[in-house]
Amino acid sequence: MAKVLVVGGGAAGLLAAGTAAQRGSEVLILERNERPARKVMITGKGRCNLTNHCTLINELVSQVPTNGRFLHGAFSRFMPQDVMELVEAEGVALKIERGNRVFPVSDKAVDVVDALVRFAAENGAVIRQGRATELLLEGGAVRGVRTEDGTELFADRVIVATGGVSYPLTGSTGDGYLLARQAGHTIVEPKPSLVPLVCHEGFCSDLQGLSLRNVAITVRDTTNYKEIYTDFGEMLFTHFGVSGPMILSASTHMRPMEKGRYEIHIDLKPALSHEQLDARVQREFLAASNKNFINALDSLLPKKLVPVVVRLCGVKPSHKVNQVTREMRGRLVNLLKDLKVTVNGFRPIEEAIVTSGGVNVKEVDPKTMQSRLCSGLYFAGEVLDVDAYTGGFNLQIAFSTGHLAGESAS
């Protein structure tokens, strides 16, 4: 019976452990936190978008901008439907929402965490609290790990599934990179991915806390003014700039990041053409002809956005609506269709949802997740240099690579 040691009890680690145990291996999970899968608990705003209901491998690969082709084998062995079947078999009912995003019916991430822990435990994997600080290596092969307190844990196979460096309070502090380097692996510099953006415009802080729904964005690279990303959905203004689902996805396209290089153009009324919006504004102004300009926009915009738009329009707040010129109205319509913010940079990597960078995938066998440099050493999840867009794809990477590593290690 193979002894398998899984370092890290997150999504990838629990899947790897449960899979290896299911195939007859003696499995120990070494998890530094008191409770496993802390990061899964906060995904999807605590609801846990655990996967995306894709049915085609190429569709999955297309959602992974960093080294997507490396994951072809892992995805082919464990697809979103397999994840859903596993979680539902553990008693968690699932539902599919917009964009094929999969959530538990309960909208509680803890139900998914409990299901993953049950899957590992029911198959015989044991969880032990501790932090691995060193690989035990002998003759080009791994023999186990040494923990923070000096304890040596021996195993025939070691799966490193420690995550990246985003959300360090959940235990993702880069431990896996240190272990990988000990075995001779190259670490691609970790960078934030799916991260909020710091913006130049001061009005962002004025709008702090304002969530916009059903708006469209277009991201342009000012070096050539090409569109690099478009999306429709939800975004959020913060004290430092912008965040929210669309913004997080857009951030993965902003590479390399340079101050002022990227502009985000927000269409506040994407359902209306420029002409249709102008006609609607005229109707609104006709009904409010005796009001001040600042008091005539409530039906068009969220209350918090009105003074900002008025200021950007260059129209005095006290200007009477019946005296608004065609040119003034045109400036308003243009602004509603194209509110621009300039990106100064990413927020710190600790605030990123996932880490881009990690163990160089050229040094890992995509058919097994085993190290090409050290026998018996495997990698799974965010510790690898792979990252995807929002929508459940990053957790699917964790599940697929975890499953493949567990299957191969056993």
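Results, tabulated for the structure shown:
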{"item": "The chain - charge dipole about Cα centre, Lys and Arg +1 at Cβ, Asp and Glu -1, debye rounded to 20", "result": "1440 debye"}
{"item": "Charge-dipole axis of the chain as Lys and Arg at +1 and Asp and Glu at -1 on Cβ define it, positive-most pick from GLN323, GLY184, TYR229", "result": "GLN323"}
{"item": "Antiparallel content of DSSP bridges confined to the chain, in %, to 5", "result": "75 percent"}
{"item": "Spherically averaged projected area in nm², based on the convex hull that wraps the Cα atoms of region 177-238", "result": "7.0 nm²"}
{"item": "Over the chain, volume per residue of the alpha carbon convex hull, in Å³", "result": "139 Å³"}
{"item": "Using alpha-carbon coordinates, inclination of helix 11-22 to the longest axis of the chain, degrees", "result": "30 degrees"}
{"item": "Centre separation in Å (Cα based) which lies between region 349-385 and region 1-59", "result": "15 Å"}
{"item": "Nearest 10 degrees, 0 to 90: helix 109-122 Cα axis against the chain principal axis", "result": "10 degrees"}
{"item": "Region 374-382 - phi-based ³J(HN,Hα) in whole Hz, Karplus 6.51/-1.76/1.60, Gly and Pro as x", "result": "9, 5, x, 9, 10, 10, 8, x, 5"}
{"item": "Furthest towards positive pole of dipole, VAL308, VAL219, PHE240, structure part region 196-346, Cβ charges", "result": "VAL308"}
{"item": "Angle in degrees between helix 393-409 and the longest Cα principal axis of the chain, rounded to the nearest 10", "result": "10 degrees"}
{"item": "Packing-based order for 263-275, 313-325, 353-365, using average beta carbon neighbours within 10 Å, highest first", "result": "353-365, 263-275, 313-325"}
{"item": "Lys, Arg +1 and Asp, Glu -1 on Cβ, resulting dipole of region 196-346 about Cα centre, debye, nearest 20", "result": "440 debye"}
{"item": "Peptides 371-379, 330-338 ordered by average Cβ neighbours within 10 Å, highest first", "result": "371-379, 330-338"}
{"item": "From phi via Karplus (6.51, -1.76, 1.60), per-residue ³J(HN,Hα) for region 141-152 in Hz, x at Gly/Pro", "result": "10, 8, 10, x, 9, 10, 8, 4, 8, x, 5, 9"}
{"item": "Those chymotrypsin sites (Phe, Trp or Tyr not before Pro) in region 194-276 that DSSP places in a loop and that have at most 11 other beta carbons within 10 Å", "result": "TYR225"}
{"item": "Segment GLU134-ARG98, extension gain: residue separation times 0.36 nm, minus the distance between their alpha carbons", "result": "8.6 nm"}
{"item": "Likely footprinting exposure, LEU207, LEU15, LEU312, fewest C-beta neighbours within 10 Å first", "result": "LEU312, LEU207, LEU15"}
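Readers should treat all values here as calculations from the given coordinates under stated rules, not as data from a laboratory. Given the structure is predicted, the values throughout are model-derived calculations rather than measurements. Cβ sites come from the backbone with ideal geometry, for glycine too, and all protein chains shown count toward neighbours.
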